[in-house]
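The values are calculated or read from the model by the stated rules, or taken from the named source; none is laboratory data. Note that this is a predicted model, so its numbers are computed, not measured. Here Cβ is always computed from backbone atoms with ideal geometry, including for glycine, and neighbour counts include all displayed protein chains. In case anyone asks, the SASA skips ligands and DNA or RNA and just uses the protein heavy atoms, side chains included. Shrake-Rupley method; radii C 1.70, N 1.55, O 1.52, S 1.80 Å.
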Amino acid sequence: MRAKDYQAVLNMASEIMGEAMHVVTSDGKSIVYNEEMAKLEKVSVKDVLGKVFREAFSFIPEEQSTLWKALTKNEPTINKEQTYFNAYGKKVTTINTTMPIEVDGRVVAAIEVAKDITDIKNMSDT
């Protein structure tokens, strides 16, 4: 299979899973950003897919981004609650599992799967 074919398989798998998913390559390019993640973050897929992560998500400080930490510091995060404001100023709370993907001892990408718990968090805070 060609790289383009693998990309199509990965994109379809992310949609079928029904979980919010974002995959970024070592050079920072978003290669998977599915509809579930777009709904969760209130960001258009076209504004993220194929773009450099830090440009598309400049509103999230680097030190708060679990995806950025996995990619640049090889730092996995498992089931971490994360609250941030999306590009439209909406407060979003998620549970994220974010893993660096290593090949031959180097991080080639990072993958994040997120679950939106904004409504649950808001109810528990009242």
Accessible area of segment 21-119 belonging to carbon and sulfur atoms, whole % at 1.4 Å probe: 52
Whole-angstrom gap from segment 76-97 to segment 2-57, using each part's C-alpha centre: 16
Nearest-0.05 FRET efficiency for Arg106 and Gln7, computed from C-beta distance (R0 25 Å): 0.75
Surface accessible to a 1.4 Å probe, per residue, for the residues of the chain, Å²: 58
Cα-projected label distance for Glu75 with Lys90, points at 7 Å along beta-carbon direction, nm: 2.8
Cα principal axis extents for segment 1-70, largest first, Å: 36, 25, 20
Selection of trypsin sites (Lys or Arg not before Pro), segment 23-126, meeting DSSP coil and at most 14 other Cβ within 10 Å: Lys42, Lys90
Answer label for P(r) over Cα pairs in 5 Å bins from 0, in percent (calculated), chosen among (1) 2, 11, 20, 19, 15, 11, 9, 7, 5, 2, 0; (2) 2, 11, 19, 22, 20, 13, 6, 3, 2, 1, 0, 0; (3) 2, 11, 20, 27, 21, 11, 5, 2, 1, 0, 0: (3)
Rh (Kirkwood; distinct C-alpha pairs) - segment 36-97, Å: 12.2
Accessible area (Å², 1.4 Å probe, nearest 10) - Ser44: 40
In degrees, nearest ten, helix 3-17 long axis to first principal axis of the chain (Cα): 30
Choice from Thr72, Thr98, Thr25 with maximal GNM fluctuation in the chain (Cα, 10 Å cutoff): Thr72
In nm, spacing of pseudo-spin labels at Glu55 and Lys115 (7 Å Cα→C-beta vector): 3.4
